[in-house]
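J.: This is the structure, below, for whatever I ask next.
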Amino acid sequence: MKKIICIVLVFTAIKLHAQDKKWTLLECVNYALENNISIKQSELDLHLADIAKKDAIGNFLPTLNANASLGSNTGANVNPATNQFENSTFESANGSISSGINIFNGLANWKTLQRTKLNQIASQYSLDKMKDDTSLFVANSFLQILANREQLRVLRAQNAVTKENIKNTQELVDAGVLPRGDLLEIQATDATQEQQIINAENALIISKIGLAQTLQLKDYLNFDIVDEDYGLIGADILDKTPFEIAEKAKEEVNDVRIAQANLDIAQKDLEISRSNYSPSLSGFVQYSTRWASTQTNPFTGEDIAFIDQLYIFDGTSIGLQLSVPIFNGFSVRNNVERSKVAIERQKYQLEQTQLDLESTVYQAYNDAKNSKKAYEAALKTEEARRLAFEYAKERYDVGLSNAFDFNQSRTAYENSQSDVVRTKYDYIFRLKILEFYFGLPITDLN
């Protein structure tokens, strides 16, 4: 009984610990990189590229095959031992072992091996890109949770002030200083704020569930991130020019690397296609033997033993085979032309990728600059609204203003607080995007 109680307590403690677990951004990103389904699929593509390389290496090795057959023959058939027709029933068997090797085929095997190496590189770049995209998505989801959480804090703090105003207004209404309409106005504001709090709580829950599902966590209802009030990250990246960031991005971002690797593969495909113009030379060696049940010694008339027949009727062949392409319906030439077209297409794709990256970086830079201005403007607006609200409150407290004007001022102040939260985290994410293009880690929010 005591043992059962101990086991129950241990599992309860483990469950509580799991529920108390709060994830950092670095933990979220690392977990996503290990468990995301899209990344796992890209890893399978890389594995296939590795297998293709092994196939290419195998093309350099000789082949080795063995064959054997056993049959019963009735009527007129060729005796495999004598190579003569016999109108009788007999059993026969034959076996062989052969080996062949490609000696020359226009260096197609060597070029194919080089292509598989390029394909490995391209697959690795694709995997890295998938990891980068996943990291950005996780970072954005993480910041969205932070924004929703801070927005909820703001709403709750605002509602706390409203409830205090209700209490004070109730006293003034009871004393006959203020009309009952003022109390009803503030109570209506309280109800609206409570509804906003419920919506904010739902938004926070949904953002948590979204990130947990991205991480492939099963217990996403208990998922939570660290409860830390992040300030603004450093904005040193804005000291760089868009040109500097774009040039650095061409070295760091995998989109350009993938496009360049695909161009290299297309050029190698052209070399492989041209190799089909060349003659091919291969070598072969084969050993074979045979047996027949009706085979007899011509001198003694006795049946020749099975083992003896294998030695008597065996043979070896060795030789070279040359194949020279003369005419093949223009298939080789057409494949070469297709490869040339593919090269031009990949050149355009590389150029377009570089242009798109430059455009994206410049747009991201402008977005970051504008989000900074928006955040700074939101801070100024919040301060101005705060002063206006304090002034309106003072007038309302002494009866120089009505509840409607007071609530208008408070609503404007509350909206300005929400704008600060929204613009703050939008600014942070814009900066992280620029840092990503510059090759800096996105997991640091300090």
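J.: Would you call ILE209 free of Cβ contacts under 8 Å to residues at least 40 places away in the same chain, in contact with a Phe, Trp or Tyr (Cβ under 6 Å, 6 or more places away or on another chain) and either within 30 Å of ILE272 (Cβ to Cβ) or not charged (D, E, K, R) (or both)?
T.: On the way: free of Cβ contacts under 8 Å to residues at least 40 places away in the same chain: yes; in contact with a Phe, Trp or Tyr (Cβ under 6 Å, 6 or more places away or on another chain): yes; either within 30 Å of ILE272 (Cβ to Cβ) or not charged (D, E, K, R) (or both): yes.
Yes.
J.: Confirm whether GLU344 is surrounded by fewer than 16 Cβ atoms within 10 Å (Cβ to Cβ), within 47 Å of the chain's Cα centre (by Cα) and assigned by TED's automatic domain parsing to the domain that holds SER416.
T.: Details: surrounded by fewer than 16 Cβ atoms within 10 Å (Cβ to Cβ): yes; within 47 Å of the chain's Cα centre (by Cα): yes; assigned by TED's automatic domain parsing to the domain that holds SER416: yes.
When the stated conditions are applied, GLU344 passes them.
J.: Considering only residues of region 169-186 that are of a type outside the set (Lys, Arg) and exposed (fewer than 15 other Cβ atoms within 10 Å of the Cβ), which is modelled with the lowest pLDDT?
T.: Selected residue: VAL177.
J.: Please determine whether any residue of region 222-236 is in the same structural domain as ALA364 (by TED's automatic domain parsing), under 30 Å from TRP110 (Cα atoms) and either more than 31 Å from the chain's Cα centre (by Cα) or part of a helix (DSSP H, G or I) (or both). I'd like the intermediate steps shown before the answer.
T.: Pass one, region 222-236, residues in the same structural domain as ALA364 (by TED's automatic domain parsing): 222-236.
Imposing the further condition that a residue be under 30 Å from TRP110 (Cα atoms) reduces the set to none.
No, there is no match, as no residue in region 222-236 is in the same structural domain as ALA364 (by TED's automatic domain parsing), under 30 Å from TRP110 (Cα atoms) and either more than 31 Å from the chain's Cα centre (by Cα) or part of a helix (DSSP H, G or I) (or both).
J.: Would you confirm whether any residue within region 274-284 is touching a residue at least 60 places away in the same chain (Cβ under 8 Å), more than 30 Å from ALA147 (Cα to Cα) and of a type in the set (D, E, K, R)?
T.: yes
J.: May I ask you to say which residue of THR381, THR423, THR411, THR353 is assigned to a helix (DSSP H, G or I), in the same structural domain as ASN254 (by TED's automatic domain parsing), surrounded by 13 or more Cβ atoms within 10 Å (Cβ to Cβ) and modelled with pLDDT under 90?
T.: The unique qualifying residue is THR411.
J.: Which of the residues spanning region 188-221 are closer than 18 Å to ASN148 by Cβ and in a loop (DSSP other than H, G, I, E, B)? It would help to see each step written out before you state the result.
T.: Pass one, region 188-221, residues closer than 18 Å to ASN148 by Cβ: 193-215, 220-221.
Of everything in region 188-221, just one residue is closer than 18 Å to ASN148 by Cβ and in a loop (DSSP other than H, G, I, E, B), namely LEU215.
J.: Can you pull out every residue in region 393-414 that is of a type in the set (Asp, Glu) and more than 14 Å from GLU164 (Cα to Cα)? Talk me through it step by step, then tell me what you get.
T.: Quick first cut of region 393-414, residues of a type in the set (Asp, Glu) only: 394, 397, 405, 414.
Answer for region 393-414, where residues must be of a type in the set (Asp, Glu) and more than 14 Å from GLU164 (Cα to Cα): GLU394, ASP405, GLU414.
J.: List every residue pair whose Cβ atoms lie under 9 Å apart, where the two residues are 6 or more positions apart in sequence or sit on different chains, the first residue falls within region 19-44 and is farther than 18 Å from ASP128 by Cα, and the second residue, located anywhere, is in a loop (DSSP other than H, G, I, E, B) and at pLDDT 90 or above.
T.: GLN19/ASP224; ASP20/ASP224; LYS21/PHE223; LYS21/ASP224; LYS22/ASP224; TRP23/PHE223; TRP23/ASP224
J.: Only one of LEU217, LEU221, LEU281 is more than 30 Å from LYS424 (Cβ to Cβ) and either at pLDDT below 90 or in contact with a Phe, Trp or Tyr (Cβ under 8 Å, 6 or more places away or on another chain) (or both); which?
T.: The match here is LEU281.
J.: Then there's this: Can you give me the number of residues within region 224-241 that are within 14 Å of TYR427 (Cβ to Cβ) and modelled with pLDDT under 85?
T.: Looking only at that region, the number is 6.
J.: Also: So which residues in region 384-399 are surrounded by fewer than 13 Cβ atoms within 10 Å (Cβ to Cβ) and at pLDDT below 80, if there are any at all?
T.: VAL398, GLY399
The values are calculated or read from the model by the stated rules, or taken from the named source; none is laboratory data. The structure presented is a predicted model; accordingly, all values stated were derived computationally and were not measured. Cβ coordinates were reconstructed from backbone atoms using ideal geometry, including for glycine residues, and neighbour counts include every protein chain displayed.
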